[in-house]
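The values are calculated or read from the model by the stated rules, or taken from the named source; none is laboratory data. Only a predicted model underlies this, so the values are computations on that prediction, with no experimental measurement involved. Glycine gets a Cβ as well: all are built from the backbone with ideal geometry, and neighbour counts include every protein chain shown. Calculation scope for accessible area: heavy atoms of the full protein, side chains included, ligands and nucleic acids excluded. Shrake-Rupley method; radii C 1.70, N 1.55, O 1.52, S 1.80 Å.
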Amino acid sequence: DAVTTDQVSDILTKQNKVYTVLKIDEVNNLGAARIRIRSLLAAVKERERKNILPKAADTAHHRVVFTEEMRKDYTILVPQMSPIHFDILEPALASCGYHLEILPSTEKCLDYGLKYVNNDACYPSLLVVGQFMEALLSGKYDLNRVALIITQTGGGCRATNYIGFIRKALKDAGLEQVPVISANLQGIESNPGFKITYPLAKKVIIGAMYGDLFMRVLYRVRPYEKEKGSANRLYQSWVEKCMKNIETGSMKEFKKNVYQIVKDFDELPLLDIKKPRVGLVGEILVKFHPTANNQIVDIIEREGGEAVMPDLIDFFQYCFYSTTFEREHFNATAKAAKLCEFAVKAVDFLRKDMIKALEKSKRFDPPASIEHLADKAKEVVSIGNQTGEGWFLTGEMIELIESGAPNIVCMQPFGCLPNHVTGKGAIKALRKKYPQSNIVAVDYDPGASEVNQLNRIKLMLSTAFKNLNK
C-alpha cells in the first residue's frame, strides 16, 4: 500500500478526481471509516452541485534518461549501504569513465526520508531516499549536473520500488530534471550513458570481494587483539592498495593481495581467550548499514562478543541462483536463466583464490557456495521464497549455526513481510532442528526504541555466555 497509494493519489489528483484511502485492520474502530465514507459521499455531491468534472490529463511518468552526453560531466550519487565495501568501490566506476560519489551515512538522512517518502514504507527505503534528498538539498551539487543510481532487482519488494519512491521525492522537491539510473540485469530500464560492461562488473566484484574479505578477517581478530587498535590499523594499511588494484582490475594483483591480507591477519598477535560468536543476518541494508542497525557490530564487540557477518556478494549470488527456479516454475526466460547461471559461475571463479586463502589459514573460515546454502535452506523453507532476502536468509542462519556461530541476531525492518516469514518465521523450526541455536529477532524502524533493541541483544548474549561456559 505504501508503494501504490501515493501513485494512485497523483494520478487521480492530476485528473481532478476525488481521492480517499481507508486503512482498516483488526484494531481500527470502524466508526472512523464510516465518517470517512460519509465525508466522501458529501464531497461527491458537492462536486456534482458545483459541476466540477474530471479532466483528461497525462498521468504517465516521463523519466529523464541518463545519456552519453551526461556521462561526461555529471556526478553520480550512490547511497551508502556498507562502508567497508562501498568506500573502496569508487575507483571501480571512476576507472570506467564515471564520476561517482558514495554518499556519507548521517543521522539526518532519516528525517529527509520521513519527509519525502510515505511513512508506511519500509525503513530501508526511508534511509536510501533520505540520503539522496539530504545530498541534493545540501547545496553541494549542481542540480543540473547530478544523477542518482540505485540497484533494481525486479522482485516483489522495496528493491524494485525504490525507483518510484526516489522519482516521487524528486518531483515533490521540484527536482524532476535529475536522472535516476536503474542498475539491473533484467533489462527493466536502460540508460545509454550507463552500461554494465564486463570490465565494470569485474571491478565491482573485485571490490565487493575485498570488502567481504576484510569483514571476515577484521571482525574475526579485532575482539581478541593484544594491542588495542592494531586490527583497525592493519585494515587501514591495506585499503589504499586494494583501491589501486580495483582501478586496474588485475586478477594477478588481486590474488597476491588476498593471500597477503589473510597472512597478515593470521599473524596479528591475539589474546588467548574465548568469546561467543554472534552471526548477523537480515534485510540487506539493515544488516550492513551502521546507521540503520545502530552500530550493531560495535555493540556486539563492546558487550564481549565476536560479530560474524556473512558475505555481501552472497546476496547477489542468491539473486542469480533463484532465476533457475523462476525459469522452472514461474516466467523467467531461458536467456535470463542462462545469464544468471553464468554470473554464479563467474563470481565463483573470481573468488576462488579468496576461498583458497581462507581455507589454508589458521583462523578464518571460507564462504559456503550458494548451492550449499540453497540445499540447507530447502530443509526448512521452500526455494520459492524469493521476495526480499527469501530462502537465502534461512540458509545463512543454518550455515552460521553449523559453522560455530549459533548465536544470531536477525535484523529486519518492522512490518517487512518477506523477512518475517523466512527470518523470524523460521526461528521455531531452526530451534527444533538445532537445539543449541540462540536466535533473537530485532525490528528496526524510525520509531523503534534503541533501548529495547539493546536489551534484546544483551539477553541473547547472556544466554550465549552461559552456553560458552558449559
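Computed packing ranks the peptides 189-195, 120-126 as 120-126, 189-195, most packed first, by mean other Cβ atoms within 10 Å.
In terms of the mean number of neighbouring beta-carbon atoms within 10 Å, the peptides 92-98, 15-21, 63-69 order highest first as 92-98, 63-69, 15-21. In order along the range 239-251, phi translates into HN-Hα couplings of 4, 5, 4, 5, 5, 5, 5, 5, 4, 7, x, 6, 6 Hz, rounded to whole numbers, per the Karplus curve 6.51 cos²θ - 1.76 cosθ + 1.60 with θ = phi - 60° and x for Gly and Pro. Computed from Cα atoms, the angle from the helix 123-136 axis to the main principal axis of the chain rounds to 80 degrees. Remark: for residue pairs K274/K424; K226/K263; K287/K362; K72/K108; K424/K458, the C-alpha separation exceeds 20 Å in K274/K424; K287/K362; K72/K108. Spin-label pair T333-K352: with each label point 7 Å from Cα along the Cα-Cβ axis, the two points sit 3.1 nm from one another. In this structure, the amide hydrogen of N438, modeled 1.01 Å from its nitrogen in the peptide plane, lies closer than 5 angstrom to those of N407, I408, counting only residues at least 5 positions away or on a different chain.
Indicate the gyration tensor shape class of the range 279-419 (rounded, prolate or oblate), computed on the Cα atoms with a ≥ b ≥ c the square roots of the eigenvalues: a/c under 1.5 is rounded; otherwise a/b larger than b/c is prolate and the rest oblate. In terms of gyration-tensor shape, oblate. Using only the Cα atoms of the range 241-349, build the gyration tensor, take square roots of its eigenvalues as a ≥ b ≥ c, and label the shape rounded, prolate or oblate: rounded if a/c is under 1.5, else prolate if a/b is larger than b/c, else oblate. Oblate, because a/c is 1.5 or more while a/b does not exceed b/c. How much of the accessible area of the chain, in percent, comes from carbon and sulfur atoms when a 1.4 Å probe is used? That fraction is 54 percent. For the range 161-219, taking the reciprocal of the average inverse distance between every pair of different Cα atoms yields a Kirkwood hydrodynamic radius of 14.2 Å.
R302 label point, 7 Å along Cα→Cβ, cut-off 14 Å on backbone N: hits in the range 428-450? Inside the label zone: 450. Would you kindly give the portion of the calculated P(r) for the range 107-146 that falls above 14 Å, as a percent of all Cα pairs? So the pairs more than 14 Å apart make up 41 percent of the total in the range 107-146. Across the range 60-67, rounded Karplus estimates of 3J(HN,Hα) from the backbone phi angles (6.51 cos²θ - 1.76 cosθ + 1.60, θ = phi - 60°) give 6, 8, 9, 6, 8, 7, 7, 9 Hz, Gly and Pro being marked x.
Per DSSP helix of 4 or more residues, -39500 (n - 2.57); summed, then divided by the residues of the chain. What does that give at 222 nm, rounded to the nearest 500?
-16500 deg cm²/dmol
One equal scatterer on each Cα of the range 1-149, no solvent, Debye formula: the resulting log10 I(q)/I(0) at q = 0.09, 0.13, 0.21 Å⁻¹ is -0.48, -0.82, -1.33. Scanning residues 5 or more positions from T151 or on other chains, those with amide H under 5 Å from its amide H are A183, with H placed 1.01 Å from N in the peptide plane.
Taking every DSSP bridge with both residues inside the chain, close to 5 percent are antiparallel.
With R₀ fixed at 41 Å, the C-beta to C-beta distance from N469 to A2 puts the FRET efficiency at about 0.35.
Using R0 = 51 Å, the C-beta based FRET efficiency linking N51 and T197 works out to 0.30. Length gained on full extension, S95 to K458, computed as 0.36 nm times the residue gap minus the Cα-Cα distance: 126.2 nm. The listed peptides 429-438, 276-285, ordered by packing as a protection proxy, come out as 276-285, 429-438 (highest mean of other Cβ atoms within 10 Å first).
Computed with a 1.4 Å probe over protein heavy atoms only, the accessible surface of the chain comes to 48 Å² per residue. Against the main long axis of the alpha-carbon atoms of the chain, helix 30-49 sits at an angle near 40°. The simple Förster model, with R0 at 30 Å and r as the Cβ-Cβ distance, assigns E240 and D142 a FRET efficiency of 0.55. Database remark: amide H of T75 closer than 5 angstrom to the amide H of V146, A147 (H placed geometrically; neighbours at sequence offset of 5 or more, or on other chains; Pro and chain starts carry no H).
Taking a straight Cα-Cα cut-off under 18 Å and skipping sequence neighbours fewer than 8 places away in the same chain, the lysines within cross-link reach of K171 are K14, K115.
Derived value for the range 165-309: Kirkwood hydrodynamic radius 18.3 Å. Basis is the mean of 1/r over every pair of different alpha-carbon atoms.
Straight-line reach from K228: taking Cα to Cα under 19 Å and skipping same-chain neighbours fewer than 8 places apart, the aspartates and glutamates in range are D264, D266, E267, D272, D298, E301, E303, E306.
Derived scalar couplings between HN and Hα for the range 463-470 equal 5, 4, 5, 4, 5, 5, 8, 6 Hz in order, rounded to whole Hz, by the Karplus curve 6.51 cos²θ - 1.76 cosθ + 1.60 (θ = phi - 60°), x for Gly and Pro.
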